[in-house]
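Report on the structure given below.
The values are calculated or read from the model by the stated rules, or taken from the named source; none is laboratory data. As the structure is a prediction and not an experimental result, all values here were calculated from the model. All Cβ positions, even for glycine, are placed from backbone atoms using ideal geometry, and neighbour counts span all protein chains on display. When the accessible area is computed, the model is the full protein with side chains, heavy atoms only, and any ligands, DNA or RNA have been set aside. Shrake-Rupley method; radii C 1.70, N 1.55, O 1.52, S 1.80 Å.
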Amino acid sequence: MSLFKQIIMKYYYLALCAILMISLGGCNKFLDETPTAHLSTSSYYKTSADAVAAVTDAYRLMKDGAYGGYSPSSFGDIMADDANKGGGGASDQELITQLKLFTEKADNGYVYNAWRDNFRGIYLANLVLQQVPGISMDAKLQTQVLGEAYFLRGYYYLQLVRLFGRVPIITAPETTGEYYVKQSSEDQVCAQIESDANTAIKDLPNQSDQALTDRGRATSGAAQSLLLETYMWEKKFTQAQALGDAIISSGQYTLAPDVTQIWTVAGEFGPESIFEVNCADIPGKGVGNLLDLFDAPRNTWGYGFVVPSVSLVNEFEKGDPRLNATAIYNNELLPDGTTANTNTSETGYWNRKYWLPLSEIPTNAGGGTGDGPTNDRVYGLAIDMLWTAEAAFQNGNVAHATTLVNQIRDRARKSGGNTDMTILPDYTTVTLTQIYHEMRVETALGEHRRFYELVRTGRAASILPGFKVGVNEHVPIPLTEIQLSNGVLTQNPGF
């Protein structure tokens, strides 16, 4: 059967959260339980608790599934020049090596997982959008639940359009006879994302109006950031600059004083956080961040994938505090008192973004490998400022772009205990190359965007060995889906 039919069969009985919340509150880590109950859709969607549980379930496909599911880090980091695959050698997760070398075929399991899991997320969001309007419940809560579903559907479609280009647009749960839907153009998919994001912006609360117990749920700012990223993908720079400036001037977010602390557990939901994938660290539940295991140094508790490349390390300017918050050096004294050993890393570095001190390693506290505590930072003020700077530059407003980039550099200069104020000097007149530089060093290995940014800005072919223009902007449509679609789905060029 096709993927769409598989989704229907698998999710006809909606997986519910074990703890049903009567409001959007409950706990800081709201994705805190794996689904345990399975109720028919005919007996479900009766109460506000059902509505909240349903939209909560739709968030879970956002987590990086590493080798078992959709893996944003494999596509965004390893396919780019920011990271090498690492792991236990060439044969360890060899399918990722194929992605890195641009030799992947249509039967690549990581490609299939990306297609499958994002469409699963879309299906769950569509269920919410179909069923929740019929529930008699508090109108404000109902609007928020629906707004979250619009945001999530738009987010999943952004993953799909960046990876595959042409994909089917599905805006309602599929029923019998509707499994085979033709692909829409990239422009049409982006238009759908824009529509979903704009609805979510209208329906979701500002972050300042969100209860602390709802942290990790989408806000109006998260939907604005989704729309901003979509505008940048579409090269709609006029709309992007206007929206980015609105986010920056909203008063909802400020740059954190120390960029090196953002990627710590203590740095979660900081002042510049706009949206984070909220990973729970509940021992034994397996609802945490698998990247804490996947990316942790191999000679500690981890598997040592997504290791910083030499190219990335060399990108940082001398003295930039962001380097030590991104890469671990051999014999470096780490904050927990241990000394780093990078001898088994294929590049000589380990990934700092997902490194955990001994006290936070789940297996040291009665937990398991799936209990990593680190949230994924998806949208923050810094990347929104840098996108806005790029848009302003493209629009001819170089002075505005320069101001925004210098604010990012000034924050970095004052981070990590640095006292040398001569490092990272302000740009007099910023160039596009310098904006791209700041994007790379500010977000590397944490936001999993580098590959897409290289494609978006037309730099991939000149930077990534083996990249073929007209082919490798996207990955292949999964072979199984083409075979099962009775000719409805067609393959991307070159595969």
(request) Would you mind pulling out the separation of the Cα centroids of segment 377-404 and segment 118-163, in Å? (result) 29 Å
(request) Calculate, axis by axis, the spread of Cα positions in the chain along the three principal axes, and write the results as whole Å, longest axis first. (result) 64, 54, 48
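Relative contact order of the chain: what whole-number percent is it, with Cα pairs under 8 angstrom and at least 6 residues apart? The partial results should precede the final answer.
On the way: 930 pairs, mean separation 95.5, N = 495.
Normalised by residue count, the contact order of the chain is 19 percent.
Share of segment 227-377's accessible area from carbon and sulfur, percent, 1.4 Å?
Numbers: 2990 of 5710 Å².
The computed percentage sits at 52.
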(request) Could you run the Karplus curve 6.51 cos²θ - 1.76 cosθ + 1.60 with θ = phi - 60° over segment 112-126 and give me ³J(HN,Hα) per residue in whole Hz, x for Gly and Pro? (result) 4, 4, 5, 5, 4, 6, 6, 6, 4, x, 5, 4, 5, 5, 5
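Give me D for segment 42-144 in µm² s⁻¹, whole number, from Stokes-Einstein with Rh from the Kirkwood sum over alpha-carbon pairs, 20 °C and 1.002 mPa s.
Working: Rh = 15.9 Å.
For the chosen part, D equals 135 µm²/s.
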(request) For segment 346-386, count the residues as N, evaluate 2.2 N^0.38 Å, and divide the Cα radius of gyration by that value, please. (result) 1.57
(request) Leaving ligands, DNA and RNA out of it, rank Leu255, Leu101, Leu228, Leu333 by accessible area with a 1.4 Å probe, largest first. (result) Leu333, Leu101, Leu255, Leu228
(request) Kindly write out, for segment 66-78 in residue order, the coupling ³J(HN,Hα) from the Karplus curve 6.51 cos²θ - 1.76 cosθ + 1.60 (θ = phi - 60°), rounded to whole Hz, with x marking Gly and Pro. (result) 6, 7, x, x, 4, 10, x, 5, 5, 7, x, 9, 6
(request) Mind putting a number on the dipole of segment 254-345 about its Cα centre? Charges go on the C-beta only, +1 for Lys and Arg and -1 for Asp and Glu, and I need it in Debye to the nearest 20. (result) 260 debye
(request) Starting from one equal scatterer on each C-alpha and no solvent at all, send me the Debye-based log10 I(q)/I(0) for segment 316-387 at q = 0.17, 0.19 Å⁻¹, two decimals. (result) -0.84, -0.98
(message) What are the ³J(HN,Hα) couplings of segment 460-471, residue after residue, when phi is run through the Karplus curve with 6.51, -1.76, 1.60 and θ = phi - 60°? Round to Hz, x for glycine and proline.
(response) 4, 5, 7, 10, 9, x, x, 6, 10, 4, x, 10
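Starting from the Cα gyration tensor of segment 287-334, take the square roots of the eigenvalues, sort them a ≥ b ≥ c, and report rounded, prolate or oblate (rounded when a/c is under 1.5, otherwise prolate if a/b is larger than b/c, else oblate). Display every interim value, and only then the final one.
Working: a/c = 2.13, a/b = 1.86, b/c = 1.14.
Because a/c hits 1.5 or more and a/b exceeds b/c, segment 287-334 counts as prolate.
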(request) Provide the per residue accessible area, probe 1.4 Å, for the chain, rounded to a whole number of square angstrom. (result) 36 Å²
(message) Assuming 0.36 nm per residue, please report the length gained on full extension of the stretch Asn331 to Asp209 beyond their Cα-Cα distance.
(response) 39.4 nm
(request) Search the structure for amide H atoms under 5 Å from the amide H of Gln183, placed 1.01 Å from N in the peptide plane, and list their residues when 5 or more places away or on another chain. (result) Thr490
(request) Please list, or write none, the lysines whose alpha carbon is within less than 19 Å of the alpha carbon of Lys468, excluding same-chain residues fewer than 8 places away. (result) Lys100, Lys105
